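The values are calculated or read from the model by the stated rules, or taken from the named source; none is laboratory data. Bear in mind that the values here come from a model prediction, so they are computed numbers and not experimental data. Ideal geometry is used to build each Cβ from the backbone, glycine not excepted, and the neighbour counts take in all protein chains shown. Heads up: the accessible areas ignore ligands, DNA and RNA and are worked out on the full protein's heavy atoms, side chains in. Shrake-Rupley method; radii C 1.70, N 1.55, O 1.52, S 1.80 Å.
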Amino acid sequence: MQSTSTTLVTGGAGFIGSHLVRTLLQQGRRLVNVDKLTYAGNLHSLADLAGNSQHHFVHADVCNTELMVSLLQQYQPEWVFHLAAESHVDRSIDRPLSFVQTNVLGTASLLQASLDYWQTLPFAQRQSFRFIHVSTDEVFGSLGKDGNGDIRVGEAFGPASCYAPRSPYAASKASADHLVRAWNNTYQFPAIVTNCTNNFGPNQFPEKLIPVVVLRALRGEPLPVYGDGKQVRDWIFVVDHVDALISIAEQGRPQQTYLIGARHAITNLQLVMEICSVMDRVVPHPSRGGYAELITFVQDRPGHDFAYRVDPSQTEQEIDWRPKFEFSQALENTIRWYIDHPSWWQAILDGSYTIQRQGLASSDP
Ligand code: NAD
């Protein structure tokens, strides 16, 4: 659908945000991209948009409420997608207060600015305005184990699942979700909360499990797997997540929650083995039996959640969306993207704190 409406995206220089920005521009929307450019923000991910007059990049912190109010008044968006966040669980263990600052206070700041703006709109525009808060399945805590130490058959988070966040990252996102619901209820503000599973795809910062494994394998370095590698994560290709977010803005009911997932839950070890087998095929190493030989089990993360899995049925029934990408093909395409784009990741690795300090990565956002 072509549209000339304006959309404001926060965190649009990050992993998911860069895909969302590109898709919205392709749909003909004018785009205001507000990003603080933390270590995770990367304008190289948007390099192909240089010169696109519909893309307005604003280097700003969502915690600056006054600036957010003036941006909203200046650009008059119909939709706001809020993705800006500190997003890495391991960093939240080291520096939890920066997560509270951006994820909790930053969300409150943007919510209040958006409410002030929304209340000034004429009736028809108030009706069509949507604030989409992009959150995670980690707010629900961890699924349990069956008697064999495996994930229980069929168990998954659903819209009625209770909040039980267990890491500083998850708690900060849960707090933000509660703020959004309070603004819904108190001011009838038309916000929607989305809780998505683990994303993968191009442009993901190389502290997350898939890019870490690919880039370390390419350099012949150990592939770190936390604990016994039996933690279960539910994976979705980032383009499917972005399509769901846009469908929710178009068709979702204000003040509702939508769970997003692609029904592909596997253990971290299974995922790392699959990456190794793709790489054995795509970039075979002449002097090694196989990349799986590089797998190294490392000390588990403190408080590491055992399993997340989402049942997206209700979302699929309510909005016209289904994940389109088959996991193994999307994973192979993602691996090939990293192999084909060394200039994107080399600059990051040269100054990367997490990888050089710990050599650890996480499957969790
Ligand atoms: P990311 O870390 O790649 O990107 C975050 C972006 O936010 C960066 O560009 C960063 O510069 C920007 N940012 C951080 N603090 C800011 C601030 N105070 N003001 C303005 N911009 C700021 O994260 P991502 O993986 O793209 O995740 C985006 C959103 O989706 C996050 O809210 C995350 O919680 C949520 N989410 C992610 C996943 C996943 O698997 N990656 C899954 C579910 C939900």
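Can you give me the accessible area per residue for segment 2-143, using a 1.4 Å probe, in Å²?
Details: 5300 Å² over 142 residues.
Here the residues of segment 2-143 average 37 Å² of exposed surface.
Which number gives the lysine pairs in the chain that have C-alpha atoms under 21 Å apart and are eight or more places apart or on different chains?
5
Please give the contour-minus-distance gain from Ser128 to Asp350: 0.36 nm per residue of separation, less the Cα-Cα distance, rounded to one decimal in nm.
On the way: separation 222, 0.36 × 222 = 79.92 nm, distance 4.51 nm.
Gain on extension, Ser128 to Asp350, equals 75.4 nm.
Once the Cβ-Cβ distance between Arg288 and Arg336 is put in as r, and R0 is 25 Å, what FRET efficiency do you end up with, to the nearest 0.05? Spell out each step's value before the answer.
On the way: r = 20 Å, r/R0 = 0.79.
Between Arg288 and Arg336 the formula returns 0.80.
Once the piece of chain linking Arg281 and Glu250 is laid out straight, how much longer is it, given 0.36 nm per residue of separation minus the C-alpha distance between them? The partial results should precede the final answer.
Working: separation 31, 0.36 × 31 = 11.16 nm, distance 4.10 nm.
That works out to 7.1 nm of additional length.
What accessible area per residue, rounded to a whole number of Å², is obtained for segment 214-335 using a probe radius of 1.4 Å?
Averaged over the residues of segment 214-335, the accessible area is 42 Å².
Simple spin-label model, 7 Å along Cα-to-Cβ: Asp116 to His178 in nm?
Using points 7 Å along Cα→Cβ, the separation is 2.5 nm.
Determine the relative contact order of the chain: mean sequence separation of Cα pairs under 8 Å and six or more apart, normalised by residue count, in whole percent. Please report the intermediate quantities before stating the final value.
Numbers: 677 pairs, mean separation 65.4, N = 365.
The value is 18 percent.
Going toward the positive end of the dipole of the chain, with +1 on Lys and Arg Cβ and -1 on Asp and Glu Cβ, which of His44, Pro165, Gln270 do you reach last?
So the residue furthest toward the plus end is His44.
At 0.36 nm per residue, and after removing the present C-alpha to C-alpha distance, how many nm does the segment from Gln73 to Lys324 gain when stretched out fully?
Additional length available on full extension: 86.7 nm.
Could you work out the helix-only [θ] at 222 nm for the chain, with each DSSP H run of four or more residues adding -39,500 (n - 2.57) and the total divided by the number of residues, to the nearest 500 deg cm²/dmol? Present the calculation step by step, with values, prior to reporting the outcome.
On the way: 14 runs with 147 residues, N = 365.
So the helix-based figure for the chain works out to -12000 deg cm²/dmol.
Can you bin segment 48-127 into rounded, prolate or oblate? Criterion: square roots of the alpha carbon gyration tensor eigenvalues sorted a ≥ b ≥ c, rounded for a/c under 1.5, prolate for a/b above b/c, oblate for the rest.
Numbers: a/c = 2.54, a/b = 1.46, b/c = 1.74.
The shape class here is oblate.
Calculate what fraction, in whole %, of the accessible area of the chain sits on carbon and sulfur atoms when a 1.4 Å probe is rolled over the protein chains. Please report the intermediate quantities before stating the final value.
On the way: 7480 of 14590 Å².
The computed percentage sits at 51.
Please report, in whole Å, how far the alpha carbons of segment 7-150 spread along each principal axis, starting with the longest.
Principal axes ranked by extent give 57, 35, 28 Å for the Cα atoms.
Which of the three applies to segment 79-184, rounded, prolate or oblate, going by the alpha-carbon gyration tensor with a ≥ b ≥ c and a/c under 1.5 meaning rounded?
Details: a/c = 3.45, a/b = 1.71, b/c = 2.02.
Oblate.
Could you state the angle between the C-alpha long axis of helix 268-282 and the longest principal axis of the C-alpha atoms of the chain, as a value from 0 to 90 degrees rounded to the nearest 10?
With both axes taken from Cα atoms, the answer is about 70 degrees.
For segment 197-258, run through the trypsin sites (Lys or Arg not before Pro) and keep only the ones in DSSP coil with at most 10 other Cβ atoms within 10 Å of their Cβ.
Values: sites: Lys208, Arg216, Arg219, Lys230, Arg233; in loops: Arg219, Lys230.
Within segment 197-258, the qualifying trypsin sites (Lys or Arg not before Pro) (loop, at most 10 other Cβ atoms within 10 Å) are Arg219.
Place the peptides 142-148, 13-19 in order of packing, highest mean first, counting for every residue the other Cβ atoms within 10 Å and averaging per peptide.
On the way: 142-148: 12.4, 13-19: 26.6.
Taking the mean over residues of other Cβ atoms within 10 Å, the ranking is 13-19, 142-148.
Going by average Cβ density within 10 Å per residue, which order do the peptides 300-308, 256-264 take, highest to lowest? Kindly include the intermediate steps, with their values, before the conclusion.
On the way: 300-308: 17.0, 256-264: 22.7.
The most tightly packed comes first, giving 256-264, 300-308.
On a 0 to 90 degree scale, rounded to 10, what angle separates helix 15-26 from the longest Cα axis of the chain?
50 degrees
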